[in-house]
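Here's the structure, in structure tokens; my notes come after.
The values are calculated or read from the model by the stated rules, or taken from the named source; none is laboratory data. Quantities reported herein were computed from a predicted structural model and do not represent experimental measurements. We place every Cβ from the backbone using ideal geometry, glycine too, and count neighbours over all the protein chains shown.
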């Protein structure tokens, strides 16, 4: 079932659908509810003084690509890095409207949400062709050996895009960064709490290493 879903997604993709980039694009990718939008808001609040995205406990709350232009961060040596921050819809290998029914949506709204979420997955993968670097945001309390995560990493590896993995939610007792490091040893991993800002300075330092 999941394989069929993903085959349908890939069949709808066109190569290089976007114009040539003029500024460094940093994409936030990952499964739903890993904390992408929370991290996007943290970055924008830290450096722009304003939030970027809606955050929700309902999966697939972000169903469209969201972009914040001209985000400039500084490291401890006062070097600057400017990029367009791209927050993407959560990638899934299966989207079922019944999942939204269980969250309290009526049938019509649930089907609409599922359709929008599926389009969001397609758009997320399309945008990979336009990324200079990607931050993969994973929930540090969940098993990283999932089909979704393997699919995301496979697409990134095939495109040879520089990747930084964020193990989010380290403020929670169940978080285990070592498991994520073992799952994806080919990539650097930084543990943070996007919600509370824990280790966020380490994350910013890693961004400079990512795009050098």
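Conditions (1) free of Cβ contacts under 8 Å to residues at least 40 places away in the same chain; (2) buried (at least 17 other Cβ atoms within 10 Å of the Cβ); (3) over 15 Å from the mean Cα position of the chain (by Cα), marked per residue:
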| site | (1), (2), (3) |
| --- | --- |
| 119 | no, no, yes |
| 124 | no, yes, no |
| 137 | no, yes, no |
| 157 | yes, no, yes |
| 167 | yes, yes, no |
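One line per residue, one yes/no per condition, for (1) at pLDDT below 95; (2) closer than 20 Å to residue 32 by Cα:
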{"site": "116", "(1), (2)": "yes, yes"}
{"site": "120", "(1), (2)": "yes, yes"}
{"site": "127", "(1), (2)": "yes, yes"}
{"site": "131", "(1), (2)": "yes, yes"}
{"site": "140", "(1), (2)": "no, yes"}
{"site": "145", "(1), (2)": "yes, yes"}
{"site": "148", "(1), (2)": "yes, yes"}
{"site": "170", "(1), (2)": "no, yes"}
{"site": "182", "(1), (2)": "no, no"}
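Taken as a whole, segment 22-35 holds at least one residue that is more than 20 Å from residue 202 (Cα to Cα), crowded, with 19+ Cβ neighbours inside 10 Å, modelled with pLDDT of 80 or more and out of contact with any strand residue (DSSP E or B) (no Cβ under 9 Å at 6 or more places or on another chain).
Here residue 146 clears all of (1) closer than 25 Å to residue 45 by Cα; (2) surrounded by fewer than 20 Cβ atoms within 10 Å (Cβ to Cβ); (3) touching a residue at least 40 places away in the same chain (Cβ under 8 Å) except the condition numbered (1).
Residues in segment 181-199 that are in contact with a helix residue (DSSP H, G or I) (Cβ under 8 Å, 6 or more places away or on another chain), part of a helix (DSSP H, G or I) and surrounded by fewer than 18 Cβ atoms within 10 Å (Cβ to Cβ): there are none. Annotation: residue 110 fulfils all but one of (1) touching a helix residue (DSSP H, G or I) at 6+ places or on another chain (Cβ under 9 Å); (2) at pLDDT 70 or above; (3) buried (at least 17 other Cβ atoms within 10 Å of the Cβ); (4) over 19 Å from residue 166 (Cα atoms); the unmet one is (2).
Would you point out the residue of segment 74-94, among those that are part of a strand (DSSP E or B) and over 12 Å from the mean Cα position of the chain (by Cα), that is surrounded by the most Cβ atoms within 10 Å (Cβ to Cβ)? Before you say what the answer is, go through the steps one by one.
Initial filter on segment 74-94 (part of a strand (DSSP E or B)): 74, 80-87.
Narrowing the set further to residues that are over 12 Å from the mean Cα position of the chain (by Cα) leaves 74, 80-84.
Working: 74: 12, 80: 9, 81: 17, 82: 12, 83: 21, 84: 19.
Out of the qualifying residues, it is 83.
Cβ-Cβ distances below 7 Å connect the following pairs, each with a first residue in segment 183-212 that is farther than 19 Å from residue 83 by Cβ, a second residue that is in a helix (DSSP H, G or I), and a separation of six or more residues or different chains: 184/153; 189/177; 189/180; 189/181; 191/177; 195/38; 197/42.
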